[in-house]
Amino acid sequence: MPQPTPRAHVRVPCSTSNLGAGFDCVGIALDRWLAAEAWLEGDAATPVLTRGGALAALGDAPADDDLLVRGVALACEAAGRAMPRGLSITATSDIPVARGLGSSAAALVAGALLADALLGLGLGATRVAMLGATEEGHPDNVAPMLLGGAVLGVPRGDGWAFAPLTMHPDVAAVVAIPTFQTSTRAMRAALPPEVPHRIAVQAAGKSAALVRGLADADAALLAHALDDVLHVPFRRALIPGYDAVVDAARGAGAWGATLSGAGSSLIALAPRDAVERVGAAMRDAWAAHGIESEAWPAPVAGGATTSAG
Ligand SMILES: Nc1ncnc2c1ncn2[C@@H]1O[C@H](COP(=O)(O)OP(=O)(O)O)[C@@H](O)[C@H]1O
Ligand SMILES: N[C@@H](CCOP(=O)(O)O)C(=O)O
């Protein structure tokens, strides 16, 4: 029986999801982290939340609206326990908010893992991934955050099945992170309710190409897969400079580039020795549109870790 702990600590990586044709099912954990600590002290019903790093972008938004606290509540509900009184959480993050790197999923996962450890709920990583995927409505951020590396998540019954995906060591990612934000909710609202059968057929082939292309570092398969037909065509107009940045990445040697998650960041996959020049080309292309960005050669990360004490 897991024991409650006086303090719990968690580290959760960011993720890039979709990778073009893996819409709502493929994601990769990347090496930027949300770190948080939780403890119980006093009897207040409302949690005390202290935010640092990139979480400062949330200003003084009430703790009750924060996804860290929502994660705690989800875990407690799943374990049939009441929300604890006297909860304090201190969190700091390197994951930029609303840039398509899963900051919202990381907060949900962190809250649920903190509750699991602090209260001895006995949920574990897979159950937390299930809860987070159901809450978000798609598993492609929470699954890699918990399992690490590249992960496929698909519905199974009323839950989810997760499977690690092989990534060839020559496949490297570079993310261009602009200063502007996009909301995932707004980017999902831009999608049509249906697509023609012809598009669905293309999407099936591209999705399979993504899985095999990642495993084999196959240039043609990755180029095909990163040129998505299911969500990017409806979202790209909301990202100023999208076509120029993608073309610049390709011109500098990337196999392809696309939205990271629902944006605003763009991700390129490239041979490892090309990432610096691909990143510089993406940053320059955005700069030519008057948009500042950071070019981040993004190492693949392992999954979230929890510790006590
Ligand atoms: N702890 C949190 N960390 C990040 N986002 C949060 C948090 N709590 C609530 N949010 C909400 O989630 C939004 C970011 O989620 P989303 O639009 O999905 O972007 P991302 O790609 O960063 O996950 C924020 O703008 C904010 O409204
Ligand atoms: N599959 C989702 C992924 C959203 O990821 P985020 O990091 O932008 O929140 C989608 O494309 O809507």
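The values are calculated or read from the model by the stated rules, or taken from the named source; none is laboratory data. Note that the structure is predicted; figures quoted are calculated from it, not measured. So basically every Cβ, Gly included, is an ideal-geometry build from the backbone, and we count neighbours across all protein chains shown. We work out accessible area using only protein heavy atoms, side chains counted, and drop any ligands, DNA or RNA first. Shrake-Rupley method; radii C 1.70, N 1.55, O 1.52, S 1.80 Å.
Miscellaneous remarks
- Share of carbon and sulfur in the accessible heavy-atom surface of the chain [1.4 Å probe, %]: 55 percent
- Summed side-chain charge close to His138 - residues other than His138 whose Cβ falls under 11 Å, Lys, Arg +1, Asp, Glu -1: -3
- The alpha-carbon atoms of segment 33-102, seen along their principal axes, cover 34, 24, 18 angstrom, with the largest extent given first.
- Nearest-ten-degree value, helix 67-78 long axis tilted from longest Cα axis of the chain: 60 degrees
- In terms of its alpha-carbon gyration tensor, segment 49-186 comes out oblate; a/c meets the 1.5 threshold, while b/c is at least as large as a/b.
- Formal net charge of residues neighbouring Gly102 (Cβ-Cβ distance under 11 Å; K, R +1; D, E -1): 0
- For segment 286-301, Karplus couplings with θ = phi - 60° (6.51, -1.76, 1.60), whole Hz, Gly/Pro x: 5, 4, 5, 9, x, 10, 7, 8, 9, 9, 10, x, 9, x, 6, 10
- Rounded to the nearest Hz, the phi-derived 3J(HN,Hα) couplings of segment 259-276 under the Karplus curve 6.51 cos²θ - 1.76 cosθ + 1.60 (θ = phi - 60°) are 5, 8, x, 9, x, 7, 5, 10, 10, 10, 10, 8, x, 3, 6, 9, 5, 4, where x marks glycine and proline.
- q = 0.09, 0.12, 0.14 Å⁻¹: log10 I(q)/I(0) that the Debye formula gives for the chain, counting C-alpha atoms only: -0.43, -0.75, -0.99
- Structure-based [θ]222 nm, the chain - -39500 (n - 2.57) summed over DSSP H runs of at least 4, per residue, nearest 500: -11000 deg cm²/dmol
- Rounded to the nearest 10 square angstrom, Phe180 shows an accessible area of 50 square angstrom against a 1.4 Å probe.
- Degrees between helix 103-119 axis and first principal axis of the chain (Cα, 0 to 90, nearest 10): 30 degrees
- Cβ-based net charge around Tyr242, under 10 Å, with every Lys or Arg adding one and every Asp or Glu removing one: 0
- Whether segment 194-235 is rounded, prolate or oblate, judged on the alpha carbon gyration tensor where a/c under 1.5 counts as rounded: prolate
- Between helix 197-216 and the chain: long-axis angle, C-alpha atoms, 0 to 90°, nearest 10: 80 degrees
- With an a/c value of 1.5 or above and a/b not larger than b/c for the gyration tensor axes a ≥ b ≥ c computed over the alpha-carbon atoms, segment 119-165 is described as oblate.
- J(HN,Hα) series, segment 229-236, from Karplus relation 6.51 cos²θ - 1.76 cosθ + 1.60, nearest Hz, glycine and proline x: 10, 9, 10, 4, x, 8, 10, 4
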